[in-house]
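Asks: Starting off with a structure, shown below.
Here, each number is a calculation from the coordinates, and none is a lab measurement. Worth saying up front: this structure is predicted, and the values here are computed from it rather than measured. Virtual Cβ from ideal backbone geometry, glycine too; neighbours counted across all protein chains shown.
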Amino acid sequence: MKKTTKIIIISLILILIFIIFFLFITLSMTININTKICDEYEKQFSQIRVIHSKNNGVSIARNIGIKEAKGKWILFSDSDDWLEKETLEKANQIITKNKCDVVQFGFRYVYPTSVVNMQPQIDKSENLKKLHFCTMVIKKDFLVKNEILFPEGITFAEDWFFKYVLYSYKPEIFYDSFVSYNYFVNTTSCNLLK
């Protein structure tokens, strides 16, 4: 857990070189190692704010992040995944040139022995099925105006629920084939063992 937390934080800090933004890390974990790593980065970088919360699940932690975010755009990431360093620079270029509520990038599944790229499709129904919500850069005002939050009390597939609700409000989506997100597939996860 310590290594993956450092990977995602370092990948976001590298992005700071290109764009000034605020990184909110909402910790709902009980693992002290992650807390210490995040607190160390908060001391080193004024753009990082760590929010400590009780371990009430990922949905509550993400909702706190939505409510507390100071920026105009939101990007989510899981602790064992990472972003390509050009992600926010590319998103900023798209946002500057296009009127949109969501920028949708591609992503890759990273397995222990292989990598599989997934590209966004113009057919939104295909994106609902295939794309990870962490590949979306979402306008905060769109989420707030439509009261779109993660469902609390759900411990499995809360991201799918969020994605369906988001799409139901028909946001203006800009699709870009850039592979921005690396989704680490833990082959020993209880979600994959059935």
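Asks: Please list 3J(HN,Hα) in residue order for the stretch 163-171, calculated via the Karplus relation 6.51 cos²θ - 1.76 cosθ + 1.60 where θ = phi - 60°; whole Hz, with x for glycine and proline.
Replies: 4, 5, 5, 4, 5, 5, 8, 6, x
Asks: Lys and Arg at +1, Asp and Glu at -1: add these up for the other residues within a Cβ distance under 13 Å of Lys70 and post the number. Don't skip to the answer; put the middle values down first.
Replies: Details: positive: Arg49, Lys67, Lys72, Lys140; negative: Glu68, Asp141.
So the surrounding residues net to +2.
Asks: Amide H to amide H under 5 Å from Val50: which residues, 5+ apart in sequence or cross-chain, H placed 1.01 Å off N in plane?
Replies: Ile25
Asks: Once you have the Cα-Cα distance between Tyr111 and Phe45, take 0.36 nm times their residue separation minus that, and quote the gain in nm to one decimal. Working shown, then result.
Replies: Numbers: separation 66, 0.36 × 66 = 23.76 nm, distance 3.18 nm.
Contour length minus Cα-Cα distance gives 20.6 nm.
Asks: Here's another thing I want to ask about it. At what distance in nm do the modelled label points of Lys145 and Val185 sit from each other, each positioned 7 Å from its Cα along Cα→Cβ?
Replies: For Lys145 paired with Val185, the spin-label model returns 3.7 nm.
Asks: Still on this structure, I have one more. Can you give me the long-range amide H partners of Ile74? Hydrogens built in the peptide plane at 1.01 Å from N, cutoff under 5 Å, separation of 5 or more residues or another chain.
Replies: Amide H to amide H, under 5 Å and 5 or more residues apart or across chains, Ile74 pairs with Ile138, Lys139, Lys140.
Asks: From the cross-link list Lys70/Lys170; Lys43/Lys97; Lys67/Lys97; Lys43/Lys85; Lys54/Lys99, which pairs have alpha carbons spaced over 31 Å apart? Working shown, then result.
Replies: Values: Lys70/Lys170 24 Å; Lys43/Lys97 34 Å; Lys67/Lys97 27 Å; Lys43/Lys85 22 Å; Lys54/Lys99 37 Å.
Violating the 31 Å limit, Cα to Cα: Lys43/Lys97; Lys54/Lys99.
Asks: Among 89-95, 99-105, 166-172, 133-139, what's the highest-first ranking by average C-beta atoms within 10 angstrom per residue? Mind dumping the intermediate values first?
Replies: Working: 89-95: 17.0, 99-105: 20.6, 166-172: 14.3, 133-139: 22.3.
Output ranking for 89-95, 99-105, 166-172, 133-139: 133-139, 99-105, 89-95, 166-172.
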